[in-house]
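Where a number appears in this text, it was derived from the coordinates with a stated rule and is not lab data. Keep in mind it's a predicted model, so treat the numbers as computed, not measured. Counting neighbours? That spans all protein chains shown, and the Cβs are built from the backbone with ideal geometry, glycine included.
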Amino acid sequence: MLNRRWILSARPRGRPTTEHLHLVEDRLRPLTNDELLLKNLYISLDPATRKRMDEADGYLPAIPLGGTPTTTVLAEVIESRHPDFRAGEIVTSFGGWAEYSIVSPDVMTARITATPDIPLTYHLSMLGITGLTAYFGLLDCGRPRPRETVLVSAAAGAVGSLVGQIAKLHGCRTVGIAGTETKCRRLITEFGFDDAILYRELDTAGLAARIHQCCPQGVDIHFENVGGTLLDAALLTINPGARIVLCGLIAGYNTQTSPGCQNLWQVIARSASIQGFLVKDYLHRREEALASLRRWLSEGHLKVREHVETGIEIVPAAFAKLFDGSNDGKLMIKMASEPFDRLNT
């Protein structure tokens, strides 16, 4: 069986393009014991994949030259050599930027029960790693209490928008930082944030002043997705005992050195804490989170935006949208033009 897949052909020194990525076609190898052959229906595009294109290992090994970038996929099992899965089932797993993936099921692989009331794509967004990241990052690391103020950077993004909504469900005042006026309006009118801050063209002092204006009682929890100036400004506004949750630092993903944090001393001055986290460490509690997310969804408390583009050929161009802010919700690729309605029966 032929498989089209993207490979990393050169290490990017900035934003990756088709100079660094090439689409190739080759034959799939036979399965070995305990493996699955997946037909990728949708693949998630995530900023963290960019860091894995660098030479140094991070929380996952670097992608080798000639290797295929990997990500969360929503897929149909075509062939199974694993006793717990059978052909025809729908799963989420850790697959490749490819038409097909061969995987050895682990904590990243979960069977999906498709239902007519929940769009299939939600299992890559609100009910997928995105939702789990927002849930555990805020509730386990941020530990919100009623009437606290929660500040979220990249708040109009897939994770940030859910963080804000979950914080509101826990009785918090929620303020989001976004990069366009349209996204700032959306935070308030669509996602229910109490206020929004446009960060473009603001330096650290200017952004800190805007945060103080929108958070007159100070910031108790800061959920950080960006880093750089946004983190530095947020640190100037935190309350004693504040919790800073480090989910991502996208401001440094396309640079050789990450922007330095100049105001880290505020963590000491305010007896605050900074905690980074990886959602894979919480996957053994997946069903706990999904039960709450499904309930809030059914009760109309959660909204999600998804940005779906079609075709494996478009992957590099779509991936670039994550770094210029032009994606309009959780970014994913539909891998074929055929409808998948049959999966919802």
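Among (1) 0.97; (2) 1.17; (3) 0.95, find the value of Rg/Rh (Cα atoms, Kirkwood Rh) that was calculated from the structure presented, and write down its label.
Matching entry in (1) 0.97; (2) 1.17; (3) 0.95: (1).
Mind telling me which of 140, 195, 117 comes out most flexible in a GNM of the chain, alpha-carbon contacts under 10 Å?
Largest GNM mean-square fluctuation: 117.
Less than 16 Å apart at the alpha-carbon level, and either on another chain or at least 8 residues along: which lysines does that give for residue 183?
Of all the lysines, those that pass the test against residue 183 - Cα under 16 Å, at least 8 places apart if same chain - are 303, 321, 330.
With just the Cα atoms defining each centre, how far is the stretch 1-49 from the stretch 248-311? Give it in Å.
One Cα centre to the other: 25 Å.
Test of understanding: ordering 126, 335 by Cβ neighbours within 10 Å, fewest first, what list do you get?
Exposure proxy ranking, most exposed first: 335, 126.
Defining a contact as two alpha carbons under 8 Å apart and six or more residues distant in sequence, what relative contact order in percent does the stretch 130-280 show?
On the way: 322 pairs, mean separation 33.4, N = 151.
Reported as a whole number, the value is 22 percent.
Would you mind counting up the charge near residue 175? Only other residues with Cβ under 10 Å from its Cβ, with Lys and Arg at +1 and Asp and Glu at -1. The partial results should precede the final answer.
Values: positive: 173, 210; negative: 194, 195.
The answer is 0.
Putting +1 on Lys and Arg Cβ atoms and -1 on Asp and Glu Cβ atoms, find which of 265, 144, 241 reaches farthest to the positive end of the dipole of the stretch 130-280.
Going by the Cα projections, it comes out as 144.
Helix 286-298 versus the longest principal axis of the chain: what angle, 0 to 90°, nearest 10, using Cα atoms?
Computed tilt is about 70 degrees.
Only helical DSSP H runs with n ≥ 4 go in: add -39500 (n - 2.57) per run for the chain, normalise by residue count and round the 222 nm mean residue ellipticity to 500 deg cm²/dmol.
Computed mean residue ellipticity for the chain: -6500 deg cm²/dmol.
Straight-line reach from residue 168: which aspartates and glutamates have a Cα under 20 Å away, not including same-chain ones fewer than 8 places off?
Cross-link targets: 140, 148, 190, 194, 195, 220, 224, 288, 299.
Quick one: helix 204-214 against the long Cα principal axis of the chain, what's the angle to the nearest 10°, folded into 0 to 90?
Helix 204-214 sits roughly 80 degrees off the main axis of the chain.
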